[in-house]
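Student: Could you have a look at this structure, given as structure tokens, before my questions?
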Amino acid sequence: MRFHWETWPLIFWLVSYYPSRASIYDEFKANWCRQRKWRLDWRSLKKPCQDLRYRRLTGKQYQAFSTSLSQSEIFEVKIRPAGEYSRFFVQSRTHNAQKKTIGGDSWRVYLEGPSYLAGTVFDHNDGTYEVLFLIKEPGVYKINMILDYTLCDGLIDPPIDWFQNAHCSGNLKNSLLSNELFSEMTGYINKPLLDTKNRTVNIPWPRITEAEIQKYMRDADNECNVYCNVLWDGFGRWGNDYKWTPYLNSSIQDTTIMLSHQKQHDHTTGHGVFWVYGDSLSYYFYVSITSPPRPLCTDVFKECNVTYNWIYPKTLYELTETCAEMSLHVPRVLNYFRQVILRKDMDKESALLLNAGAHYVKTTSFKSYQEVIKALIDEVKHKYKGTVIWKSTTAIHGQTADIMGAFRRFTTNHRIQLYNAFANSAMCENSISFLDVYPVSESYPPGTKDGIHYKDEVFNSAIDVLERYFSPH
């Protein structure tokens, strides 16, 4: 058969838009796996900020290295049809328009259109950033890319005396913390990349069926070589009605979860205690399952209970211990932890939903946090008889500048990502199941209520997963 020369452009277009199913799947799998490995890869998150020579610079010298929101630009956009991963790249530039060759910027990226989701940002540590996202609903999406910090300001550890001065959030007033302790390094930007102003992407209609997309997800999950007991990965999107929809269809997700986790607990329905252990994020999660009571606390388990910590146990708005310590004391953390896991009612029928997150991010160094996580894992592996589930720390959205220059100076989204990645990775290595609530919170359109906490309904899907997991199959 012969083709006229006029038909060749159409043939080339058809080949490019409708490549083989194998090549579509290969690209999909690569990006699906990258996104899931990213949430465990704390070393890559930390790498751009390991060499901080420029932090010794001040004034005009420091400014010369910082990222300019008016000069930085999107330089490559790769859009795929709905149900496949799209991405774009950003070249960071200084205020004099020079291309940067170092990483360390803290970005948040949101896409808003027929659905709402957050992009995953990869720092290539050469001045460029890649934003990866999976959109299921075709249509026009507005890009909102926000720079929180530059030059690793969003990832650095607190000064030595920060734990004593800030971990009670009240020893010193915000103004004193901002002016006397660290005001010269607050560096909170919270402004959008100018090149994304009025910038949209148009996601075409899918070129593969929904059944194929679902199969790609399941197959990719099995081929990523990520050996984690993930009860819920938290990836999906919010509708304009604020309804959460996971990427995997619920029926398929249910089957996957139950088949992979059915032998990982000894719980008998109606027995045991479901104990929530963590800070205020965990406390309000506990409130959401007890007021009004969810089946998790009335049918699945005999009862639910909670331990509310900052670093050490705390009743709501009332410390049970002083805050005079100069640094985090790991044995003390473990002493309080044992008071829960060694209780008589915390037997093999019980479950522990564990988190150690926001207050560690807020007040401690990454090195100290690593020590705590390793110690907690050792405790539950050798002393606890029930089922442990790690719950990741939720994302934060935009903050007020006065708060970020004060006692929440180091509660940054970038540090939450790093601390989450280490804890998630450690749990995986020790075969401890985890519930990842970071992605669902990161994508939530209204953001937080007060800079940290979310409405209860944001985590309804996570509660559903817990109830299914501990119920008869």
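The values are calculated or read from the model by the stated rules, or taken from the named source; none is laboratory data. Because the structure is predicted, anything quoted here is derived from the model rather than measured. Cβ: placed from backbone, ideal geometry, glycine included. Neighbour counts: every protein chain shown. Heavy atoms of the whole protein, side chains included, go into the accessibility calculation; ligands, DNA and RNA do not. Shrake-Rupley method; radii C 1.70, N 1.55, O 1.52, S 1.80 Å.
Student: Somewhere in the range 317-327, is a residue open to solvent by less than 50 Å² (accessible area, probe 1.4 Å), modelled with pLDDT of 95 or more and in a loop (DSSP other than H, G, I, E, B)?
Tutor: Checked the range 317-327: no residue is open to solvent by less than 50 Å² (accessible area, probe 1.4 Å), modelled with pLDDT of 95 or more and in a loop (DSSP other than H, G, I, E, B).
Student: Turning to a different aspect of this structure: Any idea which of F89, F75, F122 is under 30 Å from R218 (Cα atoms), in contact with a Phe, Trp or Tyr (Cβ under 6 Å, 6 or more places away or on another chain) and in a strand (DSSP E or B)?
Tutor: F89
Student: Need the failing condition index for G103 against (1) open to solvent by less than 20 Å² (accessible area, probe 1.4 Å); (2) of a type outside the set (S, T, N, Q); (3) free of Cβ contacts under 8 Å to residues at least 24 places away in the same chain, just the number.
Tutor: Failing condition for G103: (3).
Student: What about L259, is it farther than 30 Å from A22 by Cβ, modelled with pLDDT under 90, surrounded by fewer than 14 Cβ atoms within 10 Å (Cβ to Cβ) and over 20 Å from the mean Cα position of the chain (by Cα)?
Tutor: Criteria not met by L259.
Here's the yes/no breakdown for (1) touching a His at 6+ places or on another chain (Cβ under 9 Å); (2) modelled with pLDDT under 95; (3) polar (S, T, N, Q):
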residue: E371; (1), (2), (3): no, no, no
residue: E379; (1), (2), (3): no, no, no
residue: S392; (1), (2), (3): no, no, yes
residue: L418; (1), (2), (3): no, no, no
residue: F422; (1), (2), (3): no, no, no
residue: P445; (1), (2), (3): no, no, no
residue: H453; (1), (2), (3): no, yes, no
residue: D456; (1), (2), (3): no, yes, no
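Student: Let me ask another. Which residue is surrounded by the most Cβ atoms within 10 Å (Cβ to Cβ), if the candidates are limited to the range 423-443 and must be touching a strand residue (DSSP E or B) at 6+ places or on another chain (Cβ under 8 Å) and of a type in the set (A, V, I, L, M)?
Tutor: That would be A423.
Student: Checking S461 against (1) touching a His at 6+ places or on another chain (Cβ under 7 Å); (2) in contact (Cβ under 8 Å) with a residue 60 or more places away in the chain; (3) not aromatic (F, W, Y), only one condition comes out false. Which one?
Tutor: Answer for S461: the failing condition is (1).
Student: So, one more: Identify all residues within the range 357-380 that are part of a loop (DSSP other than H, G, I, E, B) and open to solvent by 10 Å² or more (accessible area, probe 1.4 Å); write none if there are none.
Tutor: Matches in the range 357-380: S365 only.
Student: Whether any residue in the range 377-399 is among the acidic types (D, E) and either touching an Asp or Glu at 6+ places or on another chain (Cβ under 7 Å) or within 19 Å of V333 (Cβ to Cβ) (or both) is what I want to check.
Tutor: The answer is yes; a qualifying residue exists.
Student: Would you point out the residue of the range 297-316, among those that are part of a loop (DSSP other than H, G, I, E, B) and open to solvent by less than 30 Å² (accessible area, probe 1.4 Å), that is modelled with the highest pLDDT?
Tutor: Looking at residues that are part of a loop (DSSP other than H, G, I, E, B) and open to solvent by less than 30 Å² (accessible area, probe 1.4 Å), I get F301.
Student: In the range 227-243, what residues are modelled with pLDDT of 90 or more and open to solvent by 40 Å² or more (accessible area, probe 1.4 Å)?
Tutor: Matches in the range 227-243: N240, D241, Y242, K243.
Student: Please count how many residues of the range 439-466 are touching a Lys or Arg at 6+ places or on another chain (Cβ under 7 Å) and either assigned to a helix (DSSP H, G or I) or over 23 Å from I396 (Cα atoms) (or both).
Tutor: The number of residues fulfilling the criteria is 1.
Student: Does the range 109-122 contain at least one residue that is open to solvent by 40 Å² or more (accessible area, probe 1.4 Å) and modelled with pLDDT under 95?
Tutor: Within the range 109-122, none of the residues are open to solvent by 40 Å² or more (accessible area, probe 1.4 Å) and modelled with pLDDT under 95.
Student: Output the residue which, of all residues in the range 96-119 that are assigned to a strand (DSSP E or B) and of a type in the set (D, E, K, R), is nearest to W238 (Cα to Cα).
Tutor: E112
Student: Another question, then. Hey, among T186, T200, T150, T128, which residue is at pLDDT 95 or above and farther than 24 Å from R237 by Cα?
Tutor: Step by step, each of T186, T200, T150, T128 is checked, and only T128 is at pLDDT 95 or above and farther than 24 Å from R237 by Cα.
Student: While we're looking at this one, here's another question. Assess whether F366 counts as being among the aromatic types (F, W, Y), touching an Asp or Glu at 6+ places or on another chain (Cβ under 8 Å) and touching a residue at least 60 places away in the same chain (Cβ under 8 Å).
Tutor: Against the criterion (among the aromatic types (F, W, Y), touching an Asp or Glu at 6+ places or on another chain (Cβ under 8 Å) and touching a residue at least 60 places away in the same chain (Cβ under 8 Å)), F366 qualifies.
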